[in-house]
Amino acid sequence: LCENPNLSGQVLCKKKKQSISILLAVSIPGIFILLLTVSAVSWVGFKRKKRHAHCDDPFGVEVMQNSNQNSLLESEGQRFTYPEIVEITSNFKSIIGRGGFGEVYFGTLQNQTQVAVKLLISSSTQGSKEFENEVKLLMRAHHRNLVSLVGYCDEGETMALVYNFVANGNLQQRLSADVTLHVLTWKERLQIAVDAARGLDYLHNGCKPSIVHRDLKTSNILLCENLHAMIADFGLSKVFATESATHVSTDPKGTFGYLDPQYYYTGKLKKKSDIYSFGIVLLELITGRAAIIRDVEAEPIHICRWVSPKFETMEIESIVDSRIQGTYNTSSAWKALQIAMACVPLTAFQRPDITFIYNNLKECLETEMSSGRTQIVGNDDTSSSSSIRMASQIESETSS
């Protein structure tokens, strides 16, 4: 067989064809598997990069950071022209709020989405570029306890912010003495406080760089149908230049009664400026009274001055809203009052941060939910020891 060259060539050709067929049969599935592996690795790498491009919030939300701001603005927000703002608001027909930064109007987008449009008072200290940069960052902040900023207008002298409209009113309306709606229970008030603290914690610590609200008050805390709270009107907040920055130097702005005294005198806006405002909101939740108490027979008095002497003598029944007397757990009410008073010292360094406040308010809510009866208030050992523990915690927090 080997001596026949013609026959040998035919056999070799057959063997060669068989080898090629076997090689193809083995290699094609291998190449397919290799391609699948490469694709899988590439997909994992893409997901990791995508995950690293986000700042994870401890409450299950995310804020995009760093690059690609313009495309993000286009995908998550809209720049409106002034004529569009006029059309959205029906020529500024319905005013639904006023504040230190401007008036708020009800509006409707072309897709019938209801919005609140805040027309900002012109400010020589904030130029168009700075306004736009802050808006771009603010539209990246998404949280269940923040009202979403959906767009803005920056045209000529007009600067406006467009938010989702929350139809169930604001906290100021629900706490009003002449309210005809359901009076908020103590449990509902604590839930609102926890929600607001969670939203503020996100602005301070979940966003990089941090955002300071600068005008936190009861009229800027909106309520959903289930009475969960959402912070609104943080569009004129100040954004820290870097993650390590401790304050922003800016002209004092805010609402009388809620404005941090130290910020007012120094012009240095800090996270602790929001803490002071939050403390006033918490005092309003506890007392049912406004930040500036205006009784017919007396001069107007700030809520801190009204509460302080009663707090010193532990007269909690004379502090808590009379409309809910006998229906709340005294331990949770006393602790909430201690938290509120810890927020309002005149100097910022004495105030705790919002994470400390949020965690302690959650404990108040848990205490209220686990208790089926009201405790009798008094200068007993429980109240005294609770006061000592809270004071110790706050001292440790502010000194760290």
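The values are calculated or read from the model by the stated rules, or taken from the named source; none is laboratory data. Please read these numbers as outputs of a predicted model, since none were measured by experiment. Backbone-built Cβ (ideal geometry, glycine too); neighbour counts: all protein chains shown.
Taken over region 336-357, the residue count meeting the criterion of being crowded, with 23+ Cβ neighbours inside 10 Å and outside any loop (DSSP other than H, G, I, E, B) is 7.
A quick yes/no check of all residues on (1) under 13 Å from ASP274 (Cα atoms); (2) outside any helix (DSSP H, G or I); (3) touching a Phe, Trp or Tyr at 6+ places or on another chain (Cβ under 7 Å):
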residue	(1), (2), (3)
GLN172	no, no, no
HIS182	no, yes, no
ILE192	no, no, no
ASP195	no, no, no
GLY199	yes, no, no
LEU203	yes, no, yes
ARG214	yes, yes, no
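Tally time: how many residues in region 298-323 are under 15 Å from LEU282 (Cβ atoms) and either part of a helix (DSSP H, G or I) or touching a Phe, Trp or Tyr at 6+ places or on another chain (Cβ under 9 Å) (or both)? Adding up the residues that qualify gives 10. From the set of residues in region 185-227 that are within 13 Å of GLY169 (Cβ to Cβ) and in contact (Cβ under 8 Å) with a residue 60 or more places away in the chain, which is surrounded by the fewest Cβ atoms within 10 Å (Cβ to Cβ)? Out of the qualifying residues, it is SER219. Taking ASP57 as the residue in question, decide whether it is at pLDDT below 55 and buried (at least 16 other Cβ atoms within 10 Å of the Cβ). Spelling it out, ASP57 is indeed at pLDDT below 55 and buried (at least 16 other Cβ atoms within 10 Å of the Cβ).
Here is the figure for region 145-170: residues that are free of Cβ contacts under 8 Å to residues at least 60 places away in the same chain and out of contact with any Ser or Thr (no Cβ under 6 Å at 6 or more places or on another chain) total 6.
Scanning region 96-155 for residues being loosely packed, with under 15 Cβ neighbours inside 10 Å, modelled with pLDDT under 80 and in a strand (DSSP E or B) gives a total of 1.
Among the residues of region 248-257, are any at pLDDT below 85 and on the phi > 0 side of the Ramachandran plot? Yes, there is a match, as at least one residue in region 248-257 is at pLDDT below 85 and on the phi > 0 side of the Ramachandran plot.
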